[in-house]
Amino acid sequence: NPRFPIRRAAIDKWQAEWLRKKISDTYIEIYEFNQSWAMYDYPTKQFKGKLAAGELRVGKNPVAAWQASNLTVKIGMREEVMPVKRYKKQVFKIDLMTAAIMATDAYLRVEDDRSRYEDDDVLPVFL
């Protein structure tokens, strides 16, 4: 989409090879985001902080709002964090939120190539 160009994509290598192949011939930088404490720690802290401060919003998307309410973090031995479901049952999903955390990581890796849409006071997550 020319209005919101995708420059970088974080992918989980588990069952994402099809996506890598599909976008490998594009200008999109792809990097693996493994499901580890080290990868999740910083972007999860940034995401949760912005969500709690009201700097991110889910718009009128009821699925995103529901999944945001299901999200909590597990704290490791070194105070690192990882997103987990608030309730262990399978029906409580957080997939959109973990994808948003991965997107946060991709955003945080950007240095000088920001778009004009990133200067707003509130960044929309899901509209």
> What lysines sit close enough to Lys21 to cross-link, taking a C-alpha to C-alpha distance under 17 Å and skipping anything fewer than 8 places away on the same chain?
Replying inline: Lys13
>> Order Arg20, Arg3 by their accessible area, 1.4 angstrom probe, all chains in place, largest first.
In response: Arg3, Arg20
> Considering the values [x] 13, 46, 34, 6, 0; [y] 12, 40, 32, 13, 2; [z] 11, 40, 38, 10, 0, which represents P(r) over Cα pairs in 10 Å bins from 0, in percent as calculated for the structure under consideration?
Replying inline: [z]
> Looking at the square roots a ≥ b ≥ c of the eigenvalues of the Cα gyration tensor of region 2-47, which shape do they give, rounded for a/c under 1.5, prolate if a/b is larger than b/c, or oblate?
Replying inline: oblate
> Over the chain, what percent of the accessible surface lies on carbon and sulfur atoms, probe 1.4 Å?
Replying inline: 54
>> If I model a spin label at Glu32 and Ala16 as a point 7 Å from the Cα along the Cα→Cβ vector, what separation in nanometres do I get?
In response: 1.1
> Counting each DSSP H run of 4 or more residues in the chain as -39500 (n - 2.57), what helix-only mean residue ellipticity at 222 nm follows after dividing by all residues, to the nearest 500 deg cm²/dmol?
Replying inline: -11000 deg cm²/dmol
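So with the 1.4 Å probe, I'd like the accessible area per residue for the chain, rounded to whole Å².
Working: 8880 Å² over 127 residues.
Here the residues of the chain average 70 Å² of exposed surface.
The values are calculated or read from the model by the stated rules, or taken from the named source; none is laboratory data. Since we're looking at a predicted model, the values are computed, not measured. All Cβ positions, even for glycine, are placed from backbone atoms using ideal geometry, and neighbour counts span all protein chains on display. Each accessible area value is taken on the protein alone, full model and side chains, heavy atoms only, with ligands, DNA and RNA left out. Shrake-Rupley method; radii C 1.70, N 1.55, O 1.52, S 1.80 Å.
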